[in-house]
Amino acid sequence: MTQKITVIRGDGIGPEIMDATLHVLEVLGAGLAYEEADAGLVALEKHGELLPQATLDSIKRNGIALKSPLTTPVGEGFSSINVALRRHFDLYANVRPAKSFPNTKSRFPTGVDLITVRENTEGAYIGEGQSISEDGETALLTQKITRKGSERIVRYAFELARATGRKKVTVVHKANILKTTSGLFLKVAREVAALYPEIECNEMIVDNTCMQLVMRPEQFDIIVTTNLFGDIISDLCAGLVGGLGLAPGANIGKDAAIFEAVHGSAPDIAGKGIANPCALLLGAAQMLDHIGQPQNAERLRKAIVATLEAKDSLTPDLGGTGNTMSFAQAIASRV
Ligand code: NAI
Ligand code: MG
């Protein structure tokens, strides 16, 4: 049966990188059917809302979405459409691979191949208990960590290690200071780790982790951590391997999953046809893995690496003179 996915073309450079990505998927022969749905500014203009019910229904129906970046209008009282989507579908695992690629302006052109697994629903992001005193002198924030939330994310990390043949999971925490929240996360992580004796597990405090990532990133394989630490660490990792144009992310829940680029809608280059499509393409590769097409995922990743190696039609952010479509065609010719 043909797998149907929801396609959200998004704002800014979104439609350009989505066209490029769908072209490569077509050549790859992934055999997907697409259901287009609107979100973001485009949806606001067409339907009067940023996240229409029809879009939520489409994702619910198909269970899989490939999403371009969305512009969140400033001062509309809507914190983030992405956060709203994650919450609505309980997409508890944010999975962000960071891998060295050739011919990028990276500090680590080789040696980095790690995945950050970030808890995506609790911690400092619950949006509860935020208050500021009447005199404006004292601000409070409530963080929430649960056994259920910790257990499912750590399990996800170990299952991912098992499924991908990775050897080590590093549990990143700050339990020495945040004794209750990070303490509970660490306690549960140790319990879960004991169920996977074949996979090495180590623990690392978050500040040291940041230094270690910059000094010796090759020591990491899979990192699992709570929401805020994962947010920061995964951006740090994207920076290690050459920045936003190459960083994909998956948001995975029990009943739905959304695959995307980590970067935003890049209004400064929108409409110029020069956006780098690789981040969304790598997001599409994560999607292919997820829907049971690991061979196609691997073909796609190899074609991206080969195109970077050949410096064929690279976009300006990678120092080339190509454009979004010529880059995508160069990749498609190598799948
Ligand atoms: P941005 O990621 O859109 O842009 C930052 C810089 O990176 C810009 O100079 C841009 O030109 C460049 N860039 C980003 N993607 C690129 C690509 N594929 N190829 C070449 N260059 C690229 O971040 P910014 O400017 O902070 O945000 C713009 C809008 O995007 C905002 O409305 C923000 O809310 C939204 N956003 C949406 C996200 C999502 O939907 N997942 C994530 C981050 C931001
Ligand atoms: Mg972030």
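The values are calculated or read from the model by the stated rules, or taken from the named source; none is laboratory data. This structure is a prediction, so every number in the text was calculated from the model and none was measured. Glycine also receives a Cβ, built like all others from the backbone with ideal geometry; neighbour counts cover every protein chain displayed.
Taking the stretch 287-313 as the region of interest, how many residues are outside any helix (DSSP H, G or I) and free of Cβ contacts under 8 Å to residues at least 60 places away in the same chain? Write out each step before concluding.
Taking the stretch 287-313 and keeping what is outside any helix (DSSP H, G or I), we get 291-293, 310-313.
From the residues that got through so far, the ones that are free of Cβ contacts under 8 Å to residues at least 60 places away in the same chain too are 292, 310, 312-313.
Residues in the stretch 287-313 being outside any helix (DSSP H, G or I) and free of Cβ contacts under 8 Å to residues at least 60 places away in the same chain: 4 in total.
Considering Arg166, Arg152, the condition of being closer than 25 Å to Asp90 by Cα and either free of Cβ contacts under 8 Å to residues at least 60 places away in the same chain or out of contact with any Leu (no Cβ under 9 Å at 6 or more places or on another chain) (or both) is satisfied by Arg152 alone. Per the listing Ile274, Ile291, Ile269, Ile258, the residue uniquely β-branched (Val, Ile, Thr), away from ligand 2 (no atom under 16 Å from the Cβ) and closer than 20 Å to Ile115 by Cα is Ile291.
Going by the conditions given, is Ala284 in a helix (DSSP H, G or I), in contact with a Ser or Thr (Cβ under 6 Å, 6 or more places away or on another chain), under 14 Å from Val27 (Cα atoms) and of a type in the set (A, V, I, L, M, F, W, C)? Yes; evaluated as a whole, the condition is true for this residue.
Rundown of residues vs (1) touching a Phe, Trp or Tyr at 6+ places or on another chain (Cβ under 9 Å); (2) modelled with pLDDT under 90; (3) loosely packed, with under 13 Cβ neighbours inside 10 Å; (4) of a type outside the set (S, T, N, Q), yes/no style:
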{"site": "Asn94", "(1), (2), (3), (4)": "no, no, no, no"}
{"site": "Asn103", "(1), (2), (3), (4)": "no, yes, no, no"}
{"site": "Pro109", "(1), (2), (3), (4)": "yes, yes, no, yes"}
{"site": "Val112", "(1), (2), (3), (4)": "yes, no, no, yes"}
{"site": "Thr121", "(1), (2), (3), (4)": "yes, no, no, no"}
{"site": "Asp135", "(1), (2), (3), (4)": "no, no, yes, yes"}
{"site": "Thr138", "(1), (2), (3), (4)": "no, no, yes, no"}
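Taken over the stretch 134-151, the criterion of being out of contact with any strand residue (DSSP E or B) (no Cβ under 8 Å at 6 or more places or on another chain) and either part of a helix (DSSP H, G or I) or hydroxyl-bearing (Ser, Thr, Tyr) (or both) is satisfied by Thr142, Thr146, Arg147, Lys148, Glu151.
Taking every residue in the stretch 216-232 that is under 25 Å from Gly165 (Cα atoms) and touching a residue at least 40 places away in the same chain (Cβ under 8 Å) and pairing it with any residue that is part of a helix (DSSP H, G or I) and away from ligand 2 (no atom under 16 Å from the Cβ), at least 6 positions away or on another chain, the pairs with Cβ-Cβ distances below 6 Å are Ile222/Ala157; Ile222/Ala161; Val224/Val154; Val224/Ala157; Thr226/Phe185. Among the criteria (1) touching a strand residue (DSSP E or B) at 6+ places or on another chain (Cβ under 7 Å); (2) of a type in the set (S, T, N, Q); (3) surrounded by fewer than 23 Cβ atoms within 10 Å (Cβ to Cβ), the one Thr225 does not fulfil is (3). Among the residues of the stretch 38-61, is any more than 14 Å from ligand 1 (Cβ to nearest atom), at positive phi and modelled with pLDDT of 95 or more? No. Condition check for Asp207 on (1) assigned to a helix (DSSP H, G or I); (2) touching a residue at least 60 places away in the same chain (Cβ under 8 Å); (3) in contact with a Lys or Arg (Cβ under 9 Å, 6 or more places away or on another chain): one failure, at (2).
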